[in-house]
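S.K.: Pasting in a structure now, in structure tokens, and then I'll have a few things to ask.
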Amino acid sequence: MSDSAKDDRSTSGRQATIDRETAETKIHVALNIDGSGLADISTGLGFFDHMLDAFTRHGRFDLTVKAVGDLEVDAHHTMEDTALAIGQAFNEALGSRVGIVRMGDACVPLDEALVQVVVDISGRPFASTNFDFVGRQIGEVPTEMVPHVLSSFATGARLTLHVRQLEGANDHHIVESAMKALGRSLDFAVRIDDRILGDVPSTKGTLTV
């Protein structure tokens, strides 16, 4: 895709479709960054669907995810590959990143839980997460997979991600707060800043190399 096409997409029609298939999973993702929070999620893992639904609705994205994985083994491959594919969709839909705000920060409560998420659409994949889970499992989802999902998403999206649990005693509330905060921080970071239309918000002049 040409740079000009990427530039056009950064201000309108920021959409992408990713199909990822391996011997372990088959993933289809369709993303519209400039959506209204419409979620159509099916991964075979009820709580993971709930995580992605919260992310989508509070990020005001439109997201379709259809995932079939080797759940007879465990949840790992399905969750990892789905997160990578969603990240890849964001990376592709954002194109050259021209005119975006770039950074976003959100702190979201859910009853006793409070989680902060900070993102930088930097072109440099990195994730730092800090959770203090009570148990090992939420439905079919191992709590150890939550940081891995976030890291996989950051890798696919080529962004910097920091997640901090500030409060929380209920694992469901903690994860839901984190996913809502991720959606809200990204919603802000991907917005177009009318003051820098045509420019990439980086001293390097690029966020894709």
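The values are calculated or read from the model by the stated rules, or taken from the named source; none is laboratory data. All figures in this text were calculated on a predicted structure; none of them were measured in a lab. Please note: Cβ atoms are built from the backbone with ideal geometry, for glycine as well, and neighbour counts cover all protein chains shown.
S.K.: Name the pairs whose Cβ atoms lie under 7 Å apart, with the first residue in the range 133-145 and over 17 Å from ASP81 (Cα atoms), the second assigned to a loop (DSSP other than H, G, I, E, B) and among the β-branched types (Val, Ile, Thr), and 6 or more positions between them or separate chains?
M.R.: Within 7 Å, the pairs are PHE133/THR143; GLY135/THR143; ARG136/THR143; GLN137/THR143.
S.K.: Here's another thing I want to ask about it. Just to be sure I understand, how many residues within the range 88-121 are of a type in the set (Asp, Glu) and either at pLDDT below 95 or touching a His at 6+ places or on another chain (Cβ under 7 Å) (or both)?
M.R.: Kept after step one, since they are of a type in the set (Asp, Glu), are these residues of the range 88-121: 92, 105, 111-112, 120.
From what is left, the residues that are either at pLDDT below 95 or touching a His at 6+ places or on another chain (Cβ under 7 Å) (or both) are 111-112.
Qualifying residue count for the region: 2.
S.K.: Determine whether the range 113-124 contains at least one residue that is among the acidic types (Asp, Glu), within 14 Å of the chain's Cα centre (by Cα) and not in a strand (DSSP E or B). Talk me through it step by step, then tell me what you get.
M.R.: From the range 113-124, those among the acidic types (Asp, Glu) are 120; that's our starting set.
In the following step, the residues that additionally are within 14 Å of the chain's Cα centre (by Cα) were identified as 120.
When the remaining residues are screened for being not in a strand (DSSP E or B), the result is none.
No: the range 113-124 contains no residue that is among the acidic types (Asp, Glu), within 14 Å of the chain's Cα centre (by Cα) and not in a strand (DSSP E or B).
S.K.: Give the residue that is surrounded by the fewest Cβ atoms within 10 Å (Cβ to Cβ), with candidates limited to residues of the range 56-76 that are closer than 28 Å to VAL190 by Cα and free of Cβ contacts under 8 Å to residues at least 60 places away in the same chain. Let's see the steps before the verdict.
M.R.: Initial filter on the range 56-76 (closer than 28 Å to VAL190 by Cα): 56-67.
Those left that are additionally free of Cβ contacts under 8 Å to residues at least 60 places away in the same chain: 62-67.
On the way: ASP62: 18, LEU63: 25, THR64: 17, VAL65: 24, LYS66: 15, ALA67: 26.
In this case the residue turns out to be LYS66.
S.K.: A follow-up question, please. Could you list, ordered by first residue, the pairs with Cβ atoms under 8 Å in which the first is in the range 187-201 and under 19 Å from GLY35 (Cβ atoms) and the second is surrounded by 15 or more Cβ atoms within 10 Å (Cβ to Cβ) and among the polar types (S, T, N, Q), at least 6 apart or interchain?
M.R.: ILE192/SER10; ILE192/THR11
S.K.: In addition: Looking only at residues in the range 167-209 that are assigned to a loop (DSSP other than H, G, I, E, B) and among the hydroxyl-bearing types (Ser, Thr, Tyr), which one is farthest from GLY135 (Cα to Cα)?
M.R.: Filtering the range 167-209 down to residues assigned to a loop (DSSP other than H, G, I, E, B) leaves 168-170, 190-191, 193, 197-209.
Add one more test, that the residue is among the hydroxyl-bearing types (Ser, Thr, Tyr), and what stays is 202-203, 206, 208.
Working: SER202: 41, THR203: 44, THR206: 42, THR208: 39 Å.
Result: THR203.
S.K.: For the range 167-209, what are the residues that are out of contact with any strand residue (DSSP E or B) (no Cβ under 6 Å at 6 or more places or on another chain) and charged (D, E, K, R)?
M.R.: Result: ASP187, ARG191, ASP193, ASP194, ARG195, ASP199, LYS204.
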